[in-house]
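Working notes, beginning with the structure itself.
The values are calculated or read from the model by the stated rules, or taken from the named source; none is laboratory data. No experiment lies behind these values; they were computed from the predicted model shown. For neighbour counting, all protein chains shown are included, and Cβ atoms are generated from backbone atoms with ideal geometry for every residue, glycine included. Calculation scope for accessible area: heavy atoms of the full protein, side chains included, ligands and nucleic acids excluded. Shrake-Rupley method; radii C 1.70, N 1.55, O 1.52, S 1.80 Å.
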Amino acid sequence: VSAIGGVILTKSTDRPASTTVPEGQLIYEADTDKLYVTPDGGANWSQVHPHTGVTKIAENILVGTAASVTFSSIPATYRALQLLIVARGDTAATFINTSMRFNGDTGANYDDQRIVGAATTVAAAETINGTSMLIGDVAGSTATAGAAGTWNIFIPWYAGTTFWKHHLAQNELNSGTGTGSIHARMFTGRWRNTAAINSLTIFAASGN
């Protein structure tokens, strides 16, 4: 029991029965170290701590140029990784290929497949036995000012040790204002290694 508005201390095997508590009642399970709330008087319980939504593990906002960006010491406590990127390169080109590696592995253990669309043209290509996975392109220094490349990269089951590691990358390249200057790209890739991912590195094919 608890005072009105208080938190009931319990165990996962001993939650209050349905209709025995008011809507909005909180319980703390001592054996699981989790906090729950009921929306319907105890028939169902929703976890509120630890938070089950998206958690920011790390962030890197560059204050100057860098040849690569590495996220290291990635904890193995989550189901998936999501990487969001906005970037521009300093190489004198309209766009620059950008790649990713896991756990510092520079061996020929990566494969990738991509589909690229610009205006009304669509093309596809693959790389087998690469030393990194191509994830898309950033705008280069000759692209229109303010243009950049953006990504949403999803890496499921990164901490598992049964399967090879895979990623799905959505990449948008904005290089100017004319026809064909905005590119929609889809990339998939695999690292032929079953080790848990504890670090990842993003780098451009040239420049910073």
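Data table
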quantity	calculated
Among (1) surrounded by fewer than 13 Cβ atoms within 10 Å (Cβ to Cβ); (2) touching a residue at least 60 places away in the same chain (Cβ under 8 Å); (3) farther than 29 Å from GLY160 by Cα - the single one THR120 does not satisfy	(2)
Top-ranked residue in the stretch 154-187 [being β-branched (Val, Ile, Thr) and farther than 21 Å from PRO75 by Cβ; ranked as surrounded by the most Cβ atoms within 10 Å (Cβ to Cβ)]	ILE182
Residues satisfying the stated conditions in the stretch 188-201, i.e. in a strand (DSSP E or B) and either over 23 Å from THR131 (Cα atoms) or open to solvent by 20 Å² or more (accessible area, probe 1.4 Å) (or both)	THR188, ARG190, THR201
The listed residue being in contact (Cβ under 8 Å) with a residue 40 or more places away in the chain and not basic (Lys, Arg), out of GLY107, GLY149, GLY160, GLY130	GLY149
Number of the condition not met by VAL86 [criteria: (1) at pLDDT below 90; (2) open to solvent by 60 Å² or more (accessible area, probe 1.4 Å)]	(1)
